[in-house]
């Protein structure tokens, strides 16, 4: 019995050390703030405010990755967006579609479930949106569509400057991204969103628990 307890103790110590090292150098966990209606709308349907997520810190984010960065005009505030433009790229955003150097991301198929609901950050009204799976740079991810919601934002054309990235929200109807706060210094975007530990509704919310975020 004593040997078993000793083994369990050393196992716990080793696991604790490994987790500590990973937390220090490779990953960290972060809870997405609740109460920021613009951020919460922009990250749907991939994430929700209150989700506990893991961030990868070892390698720099690449094109197509969902990243956490400080907002350029208000660095105390964090934003989440997908890298759709690197230095020298020409980015055009029109409705749900993003074109990079004239090439559009591919829509693969509809999500399951097909629709999701989100609160409009300006009015608080609940909107129902369609969800599609979009592929960019070999990464498939969820995208909130704009179809069926009347007047859309004007198309945006932007050439990405030196040392910058262009971020695009997964929710194309209610974005908060580089169209709002401009290009972002790549050097400040060091963390990639890659895993959700639990959703805002806790561990018993089984569907989004332990899910990979693309």
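Computed from the coordinates by the stated procedures, all read-outs in this text should not be read as laboratory data. In this text, all values refer to a predicted model and were calculated from it rather than measured experimentally. Because the Cβ atoms are built from the backbone with ideal geometry, glycine has one as well, and the counts that use them run over all protein chains shown.
Each residue in 176, 38 was given a count of other beta-carbon atoms within 10 angstrom of its own, and listing them fewest first yields 38, 176. As a proxy for reagent exposure, ranking 154, 199 by other Cβ atoms within 10 Å from fewest up yields 154, 199.
Averaging Cα coordinates gives a centre for the stretch 160-214 and one for the stretch 130-155; these two points are 14 Å apart. Among 204, 142, the ranking by other beta carbons within 10 Å of each residue's beta carbon, starting with the fewest, stands as 204, 142.
Only Cα pairs under 8 Å and 6+ residues apart enter the sum, and on that basis the relative contact order of the chain stands at 26 percent.
Strictly greater than 17 Å: what percent of every Cα pair in the stretch 64-118 meets that?
58 percent
Using only Cα atoms and rounding to the nearest 10 degrees, what angle (0 to 90) does helix 2-25 make with the longest principal axis of the chain? Taking Cα atoms only, the helix is inclined about 30 degrees. Think of it as helices only: each DSSP H run of n ≥ 4 in the chain is worth -39500 (n - 2.57), and spread over all residues that comes to -5000 deg cm²/dmol at 222 nm. Calculation over all alpha carbon pairs of the chain in 10 angstrom steps from 0 returns a P(r) of 8, 32, 35, 15, 6, 3, 1, 0 percent.
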